[in-house]
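The values are calculated or read from the model by the stated rules, or taken from the named source; none is laboratory data. As the structure is a prediction and not an experimental result, all values here were calculated from the model. Positions of Cβ are generated from backbone atoms using ideal geometry, with glycine treated the same way; all protein chains shown enter the neighbour counts. The area values use the complete protein model at the heavy-atom level, side chains included, leaving out ligands, DNA and RNA. Shrake-Rupley method; radii C 1.70, N 1.55, O 1.52, S 1.80 Å.
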Amino acid sequence: MNRVRVSLAVVGVAASAAVGAAIWPHARDAGTVLAVRDDPAALADIRLNSVLRNNPALISVNIEAALASGDADLAMSFVELAGEKNIALGDDLTKRVDDARAEQSSTMHFAKGFATGLVTGNADDVASLSGTVAGDLFVFGDVRDVVREGKHLVMGEDTDQLVLGLAAAGLAVTAATYVSVGAGPLRAGLTLVKDTRKAGRLSEGMIKWAGRSTREVVDQPALREAVASGSVLRPVQTATAIRAAFRAEKAGALVRVAKDVGRIGEAAGVRAARDTLKVAENPKEIARAARIAEAKGGQTRAILKLLGRGALLLAAGAFNLTMWLFGALLALFGFLSSIKATTERATAWWLRRSKALRLKRQMAAQATLASMPAQG
């Protein structure tokens, strides 16, 4: 019976050890995630390590795809990520990336992009954004957008309230309304959000949020009056009238988002900012993207490409992560309890056995003495 109890205790130790071994990797990962849950860049690293550990060839595949689509900037982002993760790339592949990037950085390419951004207000890279921002800084771009959307508003036609509000905010920023909080990233951020919306690449979540926010910052009657008498041929006078319709006191949330987008553009590039606006669903996710961009720089686009919106989310399922840790603690407690029980039962069994052996030897000795003949 005692041996059965000891055997059961040993089985308990083995079972607890097996459960602990199965739970430990999950508990370790859960502990790591919970420890950095407030650090978006560290969370992105954990998720990236998991993705690349399962398929390190993803980087080469994405570089080839980026080159095939003519996106040298994205290809270079993956090269930087490969360097960070110590993933070797072929010399031929890196040379092709360098050549493609050099071509897109040429003077002719920059001049063409600048002119396109200045005239059309559409930005897709540093050159075209420079042209777009230049147009907005000289109020031409924002006046053009306000007058166009404002005319729709006056005529009772479909109006893009988001573009309208962003352009009005841009005019206010250009007039140095928010210089004290940093007009550089803010000015570029407003232009990027506006351009991304015009290009149809803004996420649904941000469209809804920004639409509500921009309606609050524009005095509709005052804007109608400004637009009715305004013209792109009189940009300064029109801008002054439009600024009067802008409610600066209502623009705090919009300003914060624009500044975060501008920070992404400064740290990781225009296309990283636009990629963020395509996947982020709310201002908090854009703020996390800004922190990732400031920590990861040129790797940001590759991170967003591999992880998508997952790069911007907090540690999902914190309750589940905590349960993994709790499960590991239970397994450890069970293991230690099983060892304690095994030790106690083995000790008790050994003591009983030793006592039985001593008793047996004593009885044998007494029997031997009893069988000896008595000496006279």
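Determine if segment 122-138 includes at least one residue that is more than 30 Å from the chain's Cα centre (by Cα) and at pLDDT 70 or above. Scanning segment 122-138 turns up no residue that is more than 30 Å from the chain's Cα centre (by Cα) and at pLDDT 70 or above.
So which residues in segment 245-264 are open to solvent by less than 20 Å² (accessible area, probe 1.4 Å), modelled with pLDDT of 85 or more and either of a type in the set (Asp, Glu) or over 15 Å from ILE207 (Cα atoms) (or both)? Residues satisfying the conditions are GLY262, ILE264. For ARG201, indicate whether it is at pLDDT below 75 and within 36 Å of the chain's Cα centre (by Cα). No: the conditions fail for ARG201. Being under 16 Å from LEU171 (Cα atoms) and modelled with pLDDT under 70 is a property that GLY184 has. Scanning segment 284-329 for residues that are over 16 Å from the mean Cα position of the chain (by Cα) and modelled with pLDDT of 65 or more yields a count of 1. Number of residues in segment 220-244 that are at pLDDT 70 or above and part of a loop (DSSP other than H, G, I, E, B) equals 1. Can you tell me how many residues in segment 269-295 are part of a helix (DSSP H, G or I), open to solvent by 10 Å² or more (accessible area, probe 1.4 Å) and in contact with a Gly (Cβ under 7 Å, 6 or more places away or on another chain)? The qualifying residues number 1.
Of the residues making up segment 67-103, those that are of a type outside the set (Lys, Arg), out of contact with any His (no Cβ under 8 Å at 6 or more places or on another chain), open to solvent by 60 Å² or more (accessible area, probe 1.4 Å) and in a helix (DSSP H, G or I) are ALA68, GLU80, GLU84, ASP91, ASP92, ASP98, ASP99, ALA102.
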